[in-house]
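*Asks:* Attaching a single structure in structure tokens format; questions to follow.
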Amino acid sequence: MNIGIVSPRVLLRKGLRALLESVKDFQVILEADDSRQALGSAALARVEAFLVDAWDLVEGFEASAEILQRFPEAIILLLPDRIDPELELRALKAGCQGCVSRGCDPELLEKALRAVKRGEVWISHQASSQLLKKLVRRGRQEDVGDLTRREWEILALVAAGKRNKEIASRLCVSENTVKTHLYAIYRKLHASTRMEAALFFFQHTNRQPVPSNVQPIAPPDEPPLTSETKRKRQVRVADPAAGG
């Protein structure tokens, strides 16, 4: 995995590099003082996951926002001093895939990086529970009939952990078309992130079936998703407390 580290502290960057490069398949290909330097790096396009030092929360979130503005599909783990559910939810809303405390066990950081690379988010049970409660309350007020057939197809693929490029390839449309549909989905569900949209999908399809005229597209070598399969699927949320 190609990793980028964004931190104004040289000692932290060097320490993380030494730690990460001792792990099989991990390679630090970018070190930057801030987001501006990161965005100007020739290695930027090859970074698979960013570790953004949140020594100052405002600056950490700003750096993450600047990276995501340039590369919306960027995978970012925020590194704050301490973690609480409110901060985790704030990070998800900002587009990050989770938070890892700078004082965590090195093995936990490795697990978090591998989890977000698989398309998961890295949050605690407390944070995921709070988020689910909010979405359940919100879902009861929403009319899912407002979602079009295509929006249900895209929402199902988002819930399956697919990125925009993969969704575009699966549906034979452009990435811009996918982004346009996602914008409409987020607006209708009052969601801010892929995580919220995915949780809404699973919460709602567990509560009642997706309308029968909506059938998420499966790849040619896979059978179409059945209602039984949908009921069994769960949101992929990696819990740091569970160690994996």
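*Asks:* Pairs please, first residue from segment 175-202 and touching a residue at least 60 places away in the same chain (Cβ under 8 Å), second anywhere and outside any helix (DSSP H, G or I), Cβ atoms under 6 Å, 6+ apart in sequence or on different chains.
*Replies:* Listed pairs, sorted by first residue: 195/121; 199/235.
*Asks:* Restricting the search to segment 5-28, which residues are out of contact with any helix residue (DSSP H, G or I) (no Cβ under 6 Å at 6 or more places or on another chain) and either surrounded by 16 or more Cβ atoms within 10 Å (Cβ to Cβ) or of a type in the set (Ser, Thr, Tyr) (or both)?
*Replies:* Within segment 5-28, 12, 13, 16, 17, 20, 22 qualify.
*Asks:* What residue, of 6, 52, is more than 18 Å from residue 110 (Cβ to Cβ) and modelled with pLDDT of 90 or more?
*Replies:* That would be 6, the only listed residue that is more than 18 Å from residue 110 (Cβ to Cβ) and modelled with pLDDT of 90 or more.
*Asks:* Restricting the search to segment 171-205, which residues are assigned to a loop (DSSP other than H, G, I, E, B) and surrounded by 15 or more Cβ atoms within 10 Å (Cβ to Cβ)?
*Replies:* Scanning segment 171-205 gives 173, 191, 193.
*Asks:* Here's another thing I want to ask about it. Is it fair to say residue 114 is within 17 Å of residue 57 (Cβ to Cβ) and of a type in the set (D, E, K, R)?
*Replies:* For residue 114, the condition - within 17 Å of residue 57 (Cβ to Cβ) and of a type in the set (D, E, K, R) - is not met.
*Asks:* Mind listing just one residue for me: the one in segment 38-59 that is among the acidic types (Asp, Glu) and touching a strand residue (DSSP E or B) at 6+ places or on another chain (Cβ under 7 Å) and, of those, farthest from residue 90 (Cα to Cα)?
*Replies:* Looking at residues that are among the acidic types (Asp, Glu) and touching a strand residue (DSSP E or B) at 6+ places or on another chain (Cβ under 7 Å), I get 48.
*Asks:* Looking at segment 54-83 only, could you name the residues that are in a loop (DSSP other than H, G, I, E, B), of a type in the set (D, E, K, R) and touching a residue at least 12 places away in the same chain (Cβ under 8 Å)?
*Replies:* Passing the criteria: 73, 81, 82.
*Asks:* Which count do you get for residues in segment 19-37 that are assigned to a helix (DSSP H, G or I) and out of contact with any strand residue (DSSP E or B) (no Cβ under 9 Å at 6 or more places or on another chain)?
*Replies:* Count: 2.
*Asks:* What are the residues in segment 84-99 that are part of a loop (DSSP other than H, G, I, E, B) and surrounded by fewer than 23 Cβ atoms within 10 Å (Cβ to Cβ), if any?
*Replies:* 84, 94, 95
*Asks:* Right, something else. Tally time: how many residues in segment 100-128 are touching a Pro at 6+ places or on another chain (Cβ under 9 Å), within 18 Å of residue 6 (Cβ to Cβ) and part of a helix (DSSP H, G or I)?
*Replies:* Within segment 100-128, residues that are touching a Pro at 6+ places or on another chain (Cβ under 9 Å), within 18 Å of residue 6 (Cβ to Cβ) and part of a helix (DSSP H, G or I) number 1.
The values are calculated or read from the model by the stated rules, or taken from the named source; none is laboratory data. All values derive from a computational prediction rather than experimental measurement. Don't worry about glycine lacking a Cβ; one is built from the backbone with ideal geometry, like all the others, and counts go over all protein chains shown.
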